[in-house]
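Written out below as structure tokens is the structure these notes cover.
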Amino acid sequence: MQGLARVLSGDLDGGDASLQDAARIAEEAGAPDDLALAVCERALLAMARSDWGQAEALAHQARTALHRAGIEESYATPLVCAVRARASLHRGDIPAARQELVSAQRLRALLTHALPHLAVQARIELARAHLTLGDLAGARTLARKIDDLLHRRPGLGTAVDEVEALRDQLSKQLGSIVPGASSLTGKTPSNADYPPIPVTPSDCRAARLLDRCPRPRIH
């Protein structure tokens, strides 16, 4: 969580260091979901630095962590698939990228406002992959869901800036096909647009759905 907080606050180097520690601890504790998430977050930071070699290696490590644990359905899976899809697209393997997007779509419902940072982040990366493939409809669907999440859980730091960049890219690609068209998803939400919403019973129910996923033991 410290690594995520640092990343969302703009401290990418500090976040990477914390996430590296988190991955090591998760591996030692036998927590494959947390290991996969920490490694995926580091892969995204590597992509931001244009270090695609490291990003690809980290994406593979994340998938391996879940595979070795025999985990097929996890709240970590959509982000793992998103990272692997983007890595596949960078090396030009379109069939592999499409397969990752199909796998992610099946499990996206596990990511709700109960885990807002992960839910928004995974959908941003999936939307980027859809845009690279020229699938504007898929990207717009994800953008609308991101809107819903930010209505409920504002204040996600730099993730809001990434949403704005995603919308700009979506509008440009849509406008290149239909001049004058927009993304049809409204203006970009900012941290000041929505008041905080208190935790509700539905939040608790959503969180309890994640109890089926393995959790690290506390020693």
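All of the numbers you see were taken from the coordinates with simple rules; none came from a lab. Fair warning: this is a prediction, and the values are worked out from it, not measured in the lab. Ideal geometry is used to build each Cβ from the backbone, glycine not excepted, and the neighbour counts take in all protein chains shown.
Calculate, axis by axis, the spread of Cα positions in the range 2-159 along the three principal axes, and write the results as whole Å, longest axis first.
Taking the Cα atoms of the range 2-159, the three principal extents are 41, 35, 30 Å.
Among Glu41, Glu164, which comes first, then next, by fewest other beta-carbon atoms within 10 Å?
Values: Glu41 26, Glu164 13.
Fewest to most other Cβ atoms nearby, the residues stand as Glu164, Glu41.
All other residues with a Cβ under 11 Å from the Cβ of Gln169 taken together, and with Lys, Arg as +1 and Asp, Glu as -1, what is their net charge? Walk me through the numbers on the way to the answer.
Details: positive: Arg128, Arg167, Lys172; negative: Glu162, Glu164, Asp168.
Around Gln169, the surrounding residues sum to 0.
Within the range 47-97, list the trypsin sites (Lys or Arg not before Pro) lying in a DSSP loop whose Cβ has at most 16 other Cβ atoms in a 10 Å radius. List each step's numbers first, then the result.
Values: sites: Arg49, Arg63, Arg68, Arg84, Arg86, Arg91; in loops: Arg49, Arg91.
Answer in residue order: Arg49, Arg91.
In 5 Å bins starting at 0, how do the alpha-carbon pair distances of the range 41-134 split up by percent?
3, 15, 26, 27, 20, 8, 1
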